[in-house]
Amino acid sequence: QVSCVEVVEAYVERIKEVNPLINALVKDRFEEALQEARQVDVLLSEGPGDDNLEEKFPLLGVPITVKEAFSLHGMPNSSGLVSRRNVVAASDATVVSRLKQAGAIPLGVTNCSELCMWYESSNRVYGRTNNPYDLQRIAGGSSGGEGSVLAAACSVIGVGSDIGGSIRMPAFFNGVFGHKPTTGVVPNDGQFPDAHGVRTHYLCTGPMCRYAEDLEPVLRIMAGPGVSKLKLDEKVLLEKIKFYCMDHDGGSVFVYPVDKEILQAQKKVVEHLEADLGVKVQHVAIHKMKYSFQIWSAMMSSKDSDGEEAQLFSDLLGDHGKPVWPLWELMKWLVGMSSHTLPAIALGLTEKLMKLNPGANAKLVSMGKSLKEEMEALLGSDGVLLYPPHPTVAPRHNSPICMPFNFAYTAIFNVLGLPVTQCPLGLSSEGLPLGIQLVAASYNDHLTLAVARYLEKAFGGWVVPGKV
């Protein structure tokens with residue numbers, strides 16, 4: 001009914017209209033995108049007889065955006081690091097290449113936090129991204145530009161990455177869907193910083209979308225041959241799923257208590273599942289979840305099986321140039337002379353402290369391994385856990401520095417390697433997105449994706465910002 005050029009033009013106009021407010025897209029490729037759209041229209045006009053077109057190009061002409069941390073040919077690839085502001089990608093990251101081969105048309109790259117290690121997308125290269133539901137609030141991080149651009153209807157599909165919740169927090173704060181796949185299925189190649197040592201087991205690349213039904217086809221393309229490890233062709237009978245529910249982490253001293261409205265939204269999901277599907281949702285209390293932040297921190301800084309040390313964040317800040325001394329950077333920051341953000345400096349300082357107690361760290365790593373076994377045993381091949389995505393709705397700008405460890409609600413599942421789908425559940429009384437994490441055992445992504453599609457129908461999914 002519409003040409004590809006018309007579709008791309010509509011998205012370009014939308015970005016021009018709202019991006020000055022949200023600052024989510026940091027570099028566009030509109031001219032190239034329109035040229036690619038014209039090629040799609042030529043292809044369609046020439047080949048109505050080609051029945052395989054949909055099979056060959058499942059995303060033909062679909063506008064997408066890409067987190068700036070991923071290489072997209074001709075686009076910047078700084079990850080918000082001032083020393084990399086002139087770095088331009090000479091090739092495409094593996095997932096970007098696969099999406100382009102499937103026919104997708106990238107509109108540009110989106111903002112992230114400095115070096116992708118904070119949950120507010122703000123840096124000294126591009127500035128700060130705002131939440132479309134309230135410009136005074138954060139879009140999340142590190143894939144915050146993607147969350148914001150999708151929620152504001154400026155893109156259809158986003159490419160995100162997640163090592164502590166960097167897909168799921170922005171998806172939650174911006175009321176869209178995000179999926180952190182089972183670890184090791186979707187390739188992470190072509191992003192900066194890439195994971196080394198143990199972190200290769202925790203970093204995940206995955207799709208972000210406004211509509212639940214888009215997650216699975218995009219995941220298939222991103223995973224490529226690795227998709228065979230997932231059971232995406234298995235039919236899911238929702239009535240046969242064993243549902244578990246945990247309202248909070250058990251009361252960690254490091255994170256805020258979960259907001260009442262987030263708990264109420266989760267309770268409504270439980271009630272709906274029980275009434276509509278006739279299932280019994282079992283409330284569980286997994287004691288080790290109380291130590292989520294400590295377990296994530298210890299496992300992130302542990303050695304891998306070959307004894308290789310985890311890469312220091314302060315080394316990444318230097319990016320092979322002069323070493324960065326976090327304490328000195330803090331002094332410079334206080335007088336407005338540092339080129340780094342305060343969260344990045346704070347993370348560098350925290351990292352030094354983590355190394356002071358190797359004995360405690362070893363215990364926490366062991367606790368993490370036994371928690372993984374406990375989770376896998378509980379969920380099995382037919383279980384889904386309902387769990388809050390964050391203790392609060394999207395916080396105001398800069399406030400995460402006062403509550404730095406709240407990301408533990410998402411981060412724990414990175415070190416456990418489990419697949420998680422973030423699902424929106426309408427808006428709070430303040431008009432901010434509510435949501436829930438759906439967690440399954442390894443390689444059971446099909447279960448959480450199916451439940452996300454079901455909950456979208458039941459609770460309405462994405463809500464247009466500014467509508468209420």
Report task. Provide the packing ranking of 418-424, 225-231, i.e. peptides ordered by the mean count of other C-beta atoms within 10 Å per residue, highest first. Result -> 418-424, 225-231
Requested in this report: Tally up the carbon and sulfur contribution to the accessible surface of the chain as a whole percent, 1.4 Å probe, everything protein left in place.
Outcome: 55
Query raised in the report: Counting other Cβ atoms within 10 Å of each Cβ, which chymotrypsin sites (Phe, Trp or Tyr not before Pro) in segment 2-104 have at most 16 and sit in a DSSP loop?
Result: none
Query raised in the report: Once label points are set 7 Å from the Cα along Cα→Cβ at both residue 367 and residue 194, what is their separation, rounded to one decimal in nm?
Result: 3.4
Report summary line: Here, the chain modelled as identical Cα point scatterers in vacuum has Debye log10 I(q)/I(0) at q = 0.05, 0.07, 0.14 Å⁻¹ of -0.16, -0.32, -1.39
Report task. Give the accessible surface of segment 4-459 per residue, rounded to a whole number of Å², with probe radius 1.4 Å and ligands, DNA and RNA excluded. Result -> 39
Query - Charged-residue dipole, Cβ positions (Lys, Arg, Asp, Glu), the chain about Cα centre, Debye nearest 20 - result: 1340
Report summary line: segment 136-172 and segment 407-468 have their Cα centres apart by a whole-number Å value of 13
Report task. Find me the longest stretch of the chain that has none of the exposed GluC sites (Glu not before Pro), where exposed means in a DSSP loop (not H, G, I, E or B) with at most 13 other Cβ atoms within 10 Å. Result -> 1-233
Report task. Report residue 116's accessible area, 1.4 Å probe, all protein chains in place, as a number in Å² to the nearest 10. Result -> 20
Report summary line: Kirkwood Rh over alpha-carbon pairs of segment 136-274 plugged into Stokes-Einstein at 25 °C, 0.890 mPa s gives a D in µm²/s of 146
Query raised in the report: What trypsin sites (Lys or Arg not before Pro) does segment 379-468 have in DSSP loop regions with at most 15 other beta carbons within 10 Å?
Result: 467
Report task. Would you mind checking segment 160-203 for residues with the amide N under 19 Å from a putative spin-label position 7 Å along Cα→C-beta of residue 91? Result -> 186-196
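The values are calculated or read from the model by the stated rules, or taken from the named source; none is laboratory data. Since this is a predicted model, take the numbers as computed values, not measurements. Methodologically, a virtual Cβ is constructed for each residue, glycine included, from the backbone with ideal geometry; neighbour enumeration extends over all protein chains shown. All accessible areas refer to the heavy atoms of the entire protein, side chains included, with ligands and DNA or RNA removed. Shrake-Rupley method; radii C 1.70, N 1.55, O 1.52, S 1.80 Å.
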